[in-house]
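First up is the structure itself, then whatever we jot down about it.
The values are calculated or read from the model by the stated rules, or taken from the named source; none is laboratory data. Predicted model, so just to flag it, every value in this text is computed and none were measured. Cβ coordinates were reconstructed from backbone atoms using ideal geometry, including for glycine residues, and neighbour counts include every protein chain displayed.
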């Protein structure tokens, strides 16, 4: 099994929709550049188009995302809207599917997910949801 970055995996239950603007743009900075090579194991494109494939989106969706200034941000917005129960864990699994381990190990991404988990826990305690 590939290295799944244990620091991130313990945050896998954090709702994906809670990822903020800056974190999504950090991901886009890494995933927007087209990579025409396929991942060695899963044979998927290793950019935002590969994520669209993993998420089960259609070719017409991909074609429309490509028209946007920031296809990754658009893709992530549509995916989280279509899947309101999507989690960071589901996204991490998608990154594993396209074999983008470099994105999994971004310090800024790991820190953002950790801060979200803490924030959500504080809200849950504050409103007696736990």
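Listed here are the residues, each with its yes/no results for (1) at pLDDT below 90; (2) over 13 Å from the mean Cα position of the chain (by Cα); (3) part of a helix (DSSP H, G or I).
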residue	(1), (2), (3)
57	no, yes, no
61	no, yes, yes
89	yes, no, yes
95	no, no, yes
117	yes, yes, yes
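Quick check on segment 66-83. Is at least one of its residues surrounded by fewer than 17 Cβ atoms within 10 Å (Cβ to Cβ) and modelled with pLDDT under 90? No, there is no match, as no residue in segment 66-83 is surrounded by fewer than 17 Cβ atoms within 10 Å (Cβ to Cβ) and modelled with pLDDT under 90. Scan segment 37-55 and give yes if some residue there is assigned to a strand (DSSP E or B), closer than 16 Å to residue 97 by Cβ and within 16 Å of the chain's Cα centre (by Cα), otherwise no. Yes; the residues of segment 37-55 include at least one that is assigned to a strand (DSSP E or B), closer than 16 Å to residue 97 by Cβ and within 16 Å of the chain's Cα centre (by Cα). For segment 32-43, which positions are surrounded by 14 or more Cβ atoms within 10 Å (Cβ to Cβ) and at pLDDT 95 or above? 32, the sole residue that qualifies. Residue 85 fulfils the conditions (1) part of a helix (DSSP H, G or I); (2) within 16 Å of residue 16 (Cα to Cα) except for a single criterion, (1). Among the residues that make up segment 5-20, is at least one of them part of a loop (DSSP other than H, G, I, E, B), out of contact with any strand residue (DSSP E or B) (no Cβ under 9 Å at 6 or more places or on another chain), within 17 Å of residue 102 (Cβ to Cβ) and at pLDDT below 95? Yes, segment 5-20 has at least one match.
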